[in-house]
Amino acid sequence: MGLLTEFFKGLKVTGGTMLRTITGREVVTTEYPKEMREKPQRFHGRHVLNRYPDGMEKCIGCELCAGACPAHCIYVRGMDNDPEAPTSPGERFGYVYEINMLRCIFCGLCVEACPTEAITMTHLFEMSTTNREDAIYTRETLLMDTQGNVPHMFPDDPLADQEELLTADGWLRATASSGAAAYEGVQMWQGTPGPADWDPEPDQDARDSKQSDDADG
Amino acid sequence: MTWEEIAIVVLRVVMTFVLLLLVTVINVWAERKIVADMQSRIGPNRAGPWGILQTVADGLKLFFKESVTPRKVELGMYLLAPFLAVIPAFLIFMMVPWGAPFTIGEYEVALQGADLHIGLLFILAMSSMAVYAVVLAGWSSGSKYPLIGGVRATAQAISYEAAMGLAMVAVVLWTASLGSENALSLASIVEAQQGTWGGIIPRWNIFPQVAAFVVFLIAIVAETNRAPFDLVEAEQEIVGGFHTEYSGMRFAMFFLAEYVNIFSMSAIAATLFLGGWNGPTFGPPIVAAVLPTIWFLIKTYVIVFLFFWIRATLPRLRYDQLMSLGWKRLIPAALVWLIVSTVAIGFRQFGAPWS
């Protein structure tokens, strides 16, 4: 008799699951190419080279990212800015910028090393290619345009989610070295590609005043 | 025989055949969908609306695949086995009446492949033939896992066929006691279940023969090698069992036979115990003519659904558990029920022996 009750208990479990699945309460599968799961805010996706809101490139060609890279997948060559029409606010800019995505381990050390927050990581993860050359991302593929859109290897690809490209990264803001009180109201960097119009972080004022207190004392 | 009579026979067979293929296409998809629902998955949804053409896609794929023949096979038996699986599977369903007879002109067309007066015996014989397919496939593959699967199939089929046969005998005796002259024919078994008791409870055999129904249900699950009795093709233990060495269309035939068997066994259970195509008919003549088939399909699909439900629920039995359930539980239960039911029928027909 015990066996029989167990049998009906089992039927109840599967039957209940079926009812919940049919009414859509328990399906955990997302039909991936059709619908994208929301990725965590600090997701390490492919890189992007950012611009200042005025359109200047942030990269100054210092090669610190290449030095920090444990996989040696970044190659940077700097070049002096043309004083008449500078590409970046500094002395130099990243003239050649290549990341070999076959080698990259997506650790994010380049992002931490960058002094100007020029390189950050997006939520893009669809990077499959049919030949090795395409896996080496150049300056052209990495650099966002002046509107803040991140270029995609295959812009016509249904997988290229333009919405996501515009709201790519958040984690950099949390770890940024900038944001000191002296620059209140001055936008030095932006964590999100695109037009810079974000609100200050909730406790920005408190932190700024603490920093200025420390400086005074 | 006039040509009209021949045409009617051909029509009956073709209609039954088409119905069987159609429901099999739906069943394969339905099983995957239902089991997916029971496991919180989505299931096939790419081919056609709700993935309903998945079976067609699978069939086409298997059809165009290479049928590999391993070097060590016994070629004759190896090639014969898939046909031995499919042909009895289809023949079994030919015995099942799946709708009320209707008349075209002066001829009566029964919706049944063929009404043999030994229908039930034929079904038992054919389901034994299907075991040959599994055993021969296992043996002729010249490989160890198929052989194990084949041996398991023999033992399992013999054990559970006994229980199934005994449950059938109880029904046949009951039907005969109701005054049916041809209690082995499925058409007369359905006829004997017409009407109701007191206008409410239908005169289905499940009510007087409930124990036989339970035994029969368990036995047909084992007979069709379905979970939890799928030791014959236990993927986790013996790769694919008897069909390990089959590929392409030859494998597809085993696959087809399995699903045809599920449906025809469920149809037999519905016919023997749930009144077959009996049910209230109403409405205009065309609706009234189609309704019995719909009742039949509903009853059959209740049992088919039970097959899927049990498959999604229960883990596979161990071999000794399988044997002990068959020989120590089901067969004694079926025997005891047969005796009880026979005695009851005897009392009813001839009165108590001491009176």
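Computed from the coordinates by the stated procedures, all read-outs in this text should not be read as laboratory data. Nothing here was measured: the structure is a model prediction, and the numbers come from that model. Counting neighbours? That spans all protein chains shown, and the Cβs are built from the backbone with ideal geometry, glycine included.
Highest GNM mean-square fluctuation, chain B, Cα pairs closer than 10 Å: which of B:SER159, B:SER324, B:SER264? Maximum among the listed residues: B:SER324. Put a dot 7 Å past the Cα of A:GLU98, heading toward its Cβ, do the same for A:ASP145, and the two dots end up 2.6 nm apart. When each of A:HIS123, A:HIS47, B:HIS117 is scored by the number of other beta-carbon atoms lying within 10 Å, the sequence from fewest to most is B:HIS117, A:HIS123, A:HIS47. Share of pairwise Cα-Cα distances greater than 17 Å in region B:168-248 is 61 percent (whole percent).
Sorting A:SER128, B:SER341 by the number of Cβ atoms found within 10 Å of their own Cβ, with the fewest placed first, yields A:SER128, B:SER341. Centroid-to-centroid, using Cα positions, region B:275-309 and region B:162-187 are 22 Å apart.
Amide H contacts for B:ALA100 (H built 1.01 Å from N in the peptide plane; partners 5 or more residues away or on another chain; cut-off under 5 Å): B:THR293. Comparing Cα centroids, region B:103-127 and region A:98-152 end up 72 angstrom apart. Hydrodynamic radius of region B:78-148 by the Kirkwood approach over all distinct alpha-carbon pairs: 14.0 Å. Remark: region A:44-61, residue by residue, has Karplus-estimated 3J(HN,Hα) of 8, x, 5, 7, 9, 9, 8, 10, 6, x, 7, x, 5, 6, 7, 5, 10, x Hz, where x stands for each Gly or Pro and the curve is 6.51 cos²θ - 1.76 cosθ + 1.60 at θ = phi - 60°.
Put simply, the C-alpha atoms of region B:284-355 give a gyration tensor, and the ellipsoid matching it has half-axes of 34, 31, 6 Å, longest first. Counting beta carbons within 10 Å around each of B:MET15, B:MET168 and listing the fewest first gives the order B:MET15, B:MET168.
In the elastic network of chain B, a GNM with C-alpha springs shorter than 10 Å, the most mobile of B:PRO82, B:PRO228, B:PRO44 is B:PRO44.
Annotation: amide H of A:ILE136 within the under-5 Å range of A:MET101, sequence separation 5 or more or interchain, hydrogens built in the peptide plane. Once you keep just the Cα pairs under 8 angstrom separated by 6 or more residues, what percentage relative contact order results for chain B? 22 percent.
Can you pick out the pairs among A:LYS34/A:LYS58; B:LYS33/B:LYS144; A:LYS9/B:LYS33; A:LYS9/A:LYS39; B:LYS65/B:LYS299; A:LYS12/B:LYS65 whose Cα atoms lie more than 31 Å from each other? Too far apart for the 31 Å limit: A:LYS34/A:LYS58; B:LYS33/B:LYS144; A:LYS9/A:LYS39; B:LYS65/B:LYS299; A:LYS12/B:LYS65. Size check on the protein assembly as shown: the Cα extents along the three principal axes, sorted descending, read 120, 58, 55 Å.
Our helix-only sum for the protein assembly as shown, with -39,500 (n - 2.57) per DSSP H run of n ≥ 4 divided by its residues, gives a mean residue ellipticity at 222 nm of -16500 deg cm²/dmol.
Rounding to the nearest 20 debye, state how big the charge dipole of the protein assembly as shown is about its Cα centre with +1 on each Lys and Arg Cβ and -1 on each Asp and Glu Cβ. Walk me through the numbers on the way to the answer.
Working: 40 positive and 57 negative charges, 746 e Å.
Using only the charged Cβ atoms, the result is roughly 3580 debye.
Here the Debye sum runs over all C-alpha atoms of chain B as equal scatterers in vacuum, and log10 of I(q)/I(0) at q = 0.07, 0.11, 0.12 Å⁻¹ comes out as -0.32, -0.79, -0.93. With each label modelled as a point 7 angstrom along the Cα→C-beta vector, the A:LEU4-A:GLU31 pair spans 4.4 nm. Per the Debye calculation on region B:183-331 with a single equal scatterer at every Cα and no solvent contribution, log₁₀ I(q)/I(0) for q = 0.10, 0.16, 0.20, 0.21 Å⁻¹ amounts to -0.45, -0.96, -1.25, -1.31. Loop-located chymotrypsin sites (Phe, Trp or Tyr not before Pro) in region B:278-355 (DSSP state other than H, G, I, E, B) with a sparse environment of at most 14 neighbouring Cβ atoms within 10 Å: B:PHE282, B:TRP354.
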